[in-house]
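K.L.:
Attaching a single structure in structure tokens format; questions to follow.
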Amino acid sequence: MPTSLTKEAHDILLRNDRGGYTVPNSRVYPFQWNWDSAFVALGFDTFDRNRAWKEVETLFEVQWEDGFVPHIVFWQEDDGYFPGPPVWDTHHSPATSGITQPPVAASVVRQLWESAGLAGEQDAFRDRAVVLFHKIWKWHQWFARNRDFEGRGVVVAVHPWETGRDNSPEWDVPAAAVDTSKVGEYQRRDTTHLDSKMRPTKSDYDRFVALVQFGRSLNWDHAAIGATSPFRVADVGMTMILLRANRDLCWLAKDIGLTEAAGDVQAIIDRSVAGVGYLWDESLKAWCSRDTITGRFSGHITSTSFLSFYAGLDDPGHRHAVLAHLERIAQRVEYLVPSLDPDDADFDLLRYWRGPVWSVVNYMIARGLAEAGVPQWAQRVRADTLRLIEVTGFYEAFSPVDGRASGGDNFSWTAAIWLALQDVL
Ligand code: DGY
């Protein structure tokens, strides 16, 4: 293990630590982001267990009464980011955004709890595990009520930002139906920090802003937004992540003695397992996102199409087809797993979620593959992730073809994944 990189990973987390929460990157993302924080906790857990738990606890301090947990918490002022608190206008203190993000927290807390067990320290963390269990379960129930309006057992995102994969081409057609005529003038900040060819386009941004304005017009009433948003796409990434998260939450409930709650979580898992077939695109033989308004499949295979193993879905028919796609893609790139299939017409080496490799998605894919008994591919995904960081540094994302950097440097979750990947699989 190259210890200088491990030291650098520690330094990045410590430098991006703002006291209880960690900014993803100090210039581009100067606040607390939901799924970033959860992954960051895995990194802290390798050298400061207490600080790891604190990262997740800080996020859940801002949970709304209805169970919602926002994707951004604006703990401090910083005008280097758009859209800031006045645009969201959620009437919460501290200010937050009005949409959520992929719910990885339960899986992370299970890992923190198991790691405390290995160190013989669970007694010191038991009360904190119980508190977090109840908060996370409240959030997962919020998902069931507000992001699965039709009870299909999937997660229906109401904003591309909610998926965490802002400009994936999966959203292009559904978001084209969003009326952007009243968006007005606004000043993006991301392209002042980063090369615009690595970022979403202006038309993506107009739709992002229009959907924020839509949520605000409904006063962030999540049930109303979930039922009527002009953008309602069943996201394969969030669906797989939430299914996995519920499995980990159920495990945690049993382990900390909350047997009755474990049964309630199991009922939600059963509903997802029964309904997730809605996202199997038989023509592509792949797990794909799907527009719930038109019923149309996205037609795009992304890195999240490979999260089915992580979600615990492993029937032989699907398994064979998913692995065949992975093998095909591996022939086309140097580094797995590109965020978009390189055979897709929209593949773009450096543009954010339209091609670059993201360490956090690789982490989940590799875990799933290892658990599904596919160690050679799990090891390949792990090794490629580590190699990208060794060759290029702690960047936000990487070109799958030549490893070039995409997005911001000194990125917290990339540092955290470097640390977390040292001793798994
Ligand atoms: C951004 O502003 O680019 C973020 O991804 C939104 O969460």
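The values are calculated or read from the model by the stated rules, or taken from the named source; none is laboratory data. Keep in mind that this is a model prediction, so the values were computed, not measured. Note that we place each Cβ from the backbone using ideal geometry, even for glycine, and neighbour counts take in every protein chain shown.
K.L.:
Can you tell me how many residues within segment 291-320 are in contact with a Lys or Arg (Cβ under 6 Å, 6 or more places away or on another chain) and surrounded by 15 or more Cβ atoms within 10 Å (Cβ to Cβ)?
P.N.:
So the count comes out to 5.
K.L.:
Ok, one more. Filter the helices (runs of 4 or more DSSP H) completely within segment 284-400 down to those with at least 3 residues that are touching a residue at least 60 places away in the same chain (Cβ under 8 Å) and of a type outside the set (Val, Ile, Thr).
P.N.:
The qualifying helices (runs of 4 or more DSSP H) are 359-371.
K.L.:
Follow-up question, since we're still on this one. Of all helices (runs of 4 or more DSSP H) completely enclosed by segment 20-109, which ones contain at least 1 residues that are β-branched (Val, Ile, Thr) and buried (at least 20 other Cβ atoms within 10 Å of the Cβ)? Break it down stepwise before answering.
P.N.:
Values: elements: 34-44, 49-60, 85-88.
Once the helices (runs of 4 or more DSSP H) in segment 20-109 are filtered for at least 1 residues that are β-branched (Val, Ile, Thr) and buried (at least 20 other Cβ atoms within 10 Å of the Cβ), what remains is 34-44, 49-60.
K.L.:
Between residues in segment 239-257 that are without any contact (Cβ under 8 Å) to a residue 40 or more places away in the chain and more than 11 Å from GLY312 (Cα to Cα) and residues that are among the polar types (S, T, N, Q) and part of a helix (DSSP H, G or I), which pairs lie under 7 Å by C-beta distance while being six or more apart or on different chains?
P.N.:
Between residues of segment 239-257 that are without any contact (Cβ under 8 Å) to a residue 40 or more places away in the chain and more than 11 Å from GLY312 (Cα to Cα) and residues that are among the polar types (S, T, N, Q) and part of a helix (DSSP H, G or I), the close pairs are CYS250/GLN266.
K.L.:
Taking segment 18-36 as the region of interest, how many residues are within 12 Å of PHE411 (Cα to Cα) and either away from the ligand (no atom under 16 Å from the Cβ) or of a type in the set (Ser, Thr, Tyr) (or both)?
P.N.:
Narrowing segment 18-36 to residues within 12 Å of PHE411 (Cα to Cα): 22-30, 36.
Checking which are either away from the ligand (no atom under 16 Å from the Cβ) or of a type in the set (Ser, Thr, Tyr) (or both) leaves us with 22, 26, 29.
Of the residues in that region, 3 qualify.
K.L.:
Hey, among the residues in segment 70-87 that are aliphatic (A, V, I, L, M) and under 17 Å from GLN213 (Cβ atoms), which one's farthest from the ligand (Cβ to nearest atom)? Step through it out loud before you land on a result.
P.N.:
Taking segment 70-87 first, the residues aliphatic (A, V, I, L, M) are 72-73, 87.
Then keep just the ones that are under 17 Å from GLN213 (Cβ atoms); that gives 72, 87.
Numbers: ILE72: 6, VAL87: 11 Å.
For segment 70-87, the residue satisfying everything is VAL87.
A quick yes/no check of all residues on (1) among the hydrophobic types (A, V, I, L, M, F, W, C); (2) in contact (Cβ under 8 Å) with a residue 40 or more places away in the chain; (3) in a helix (DSSP H, G or I):
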site	(1), (2), (3)
PRO174	no, yes, yes
VAL178	yes, yes, no
SER181	no, no, no
ARG188	no, yes, no
ASP206	no, no, yes
VAL209	yes, yes, yes
VAL212	yes, yes, yes
GLY215	no, yes, yes
VAL265	yes, yes, yes
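K.L.:
Say we look at segment 1-51 and pick out the residues that are over 24 Å from TRP64 (Cα atoms) and of a type in the set (Val, Ile, Thr); which of these is modelled with the lowest pLDDT?
P.N.:
Per the criteria, the residue is THR3.
K.L.:
Could you check how many residues of segment 166-196 are within 16 Å of the ligand (Cβ to nearest atom), among the charged types (D, E, K, R) and closer than 18 Å to VAL209 by Cβ?
P.N.:
The qualifying residues number 4.
K.L.:
Mind counting the residues in segment 147-204 that are small (Gly, Ala, Ser) and surrounded by 23 or more Cβ atoms within 10 Å (Cβ to Cβ)? Don't jump to the end; show me each part of the working.
P.N.:
Quick first cut of segment 147-204, residues small (Gly, Ala, Ser) only: 151, 153, 157, 164, 168, 175-177, 181, 184, 196, 203.
From the residues that got through so far, the ones that are surrounded by 23 or more Cβ atoms within 10 Å (Cβ to Cβ) too are 153, 157, 164, 168, 175.
Counting residues in segment 147-204 that are small (Gly, Ala, Ser) and surrounded by 23 or more Cβ atoms within 10 Å (Cβ to Cβ) gives 5.
K.L.:
So the check is Cβ under 6 Å with 6+ separation or different chains; which pairs have a first residue in segment 98-122 that's under 16 Å from PHE39 (Cβ atoms) and modelled with pLDDT of 95 or more and a second one that's more than 16 Å from the ligand (Cβ to nearest atom) and not in a helix (DSSP H, G or I)?
P.N.:
Listed pairs, sorted by first residue: LEU112/ASP45; SER115/ASP45.
K.L.:
Sticking with this structure for a sec: Within 24 Å of GLY84 (Cα to Cα) and modelled with pLDDT of 95 or more, is that true of TRP220?
P.N.:
Yes; evaluated as a whole, the condition is true for this residue.
K.L.:
Would you confirm whether any residue within segment 147-161 is within 16 Å of the ligand (Cβ to nearest atom), farther than 16 Å from MET240 by Cα and not in a helix (DSSP H, G or I)? Outline the logic, then answer.
P.N.:
First, pick out the residues of segment 147-161 that are within 16 Å of the ligand (Cβ to nearest atom): 157-161.
Imposing the further condition that a residue be farther than 16 Å from MET240 by Cα reduces the set to 158-161.
With the extra rule that they be not in a helix (DSSP H, G or I), the set shrinks to 158-159.
Checked against the condition, which is being within 16 Å of the ligand (Cβ to nearest atom), farther than 16 Å from MET240 by Cα and not in a helix (DSSP H, G or I), segment 147-161 yields at least one hit.
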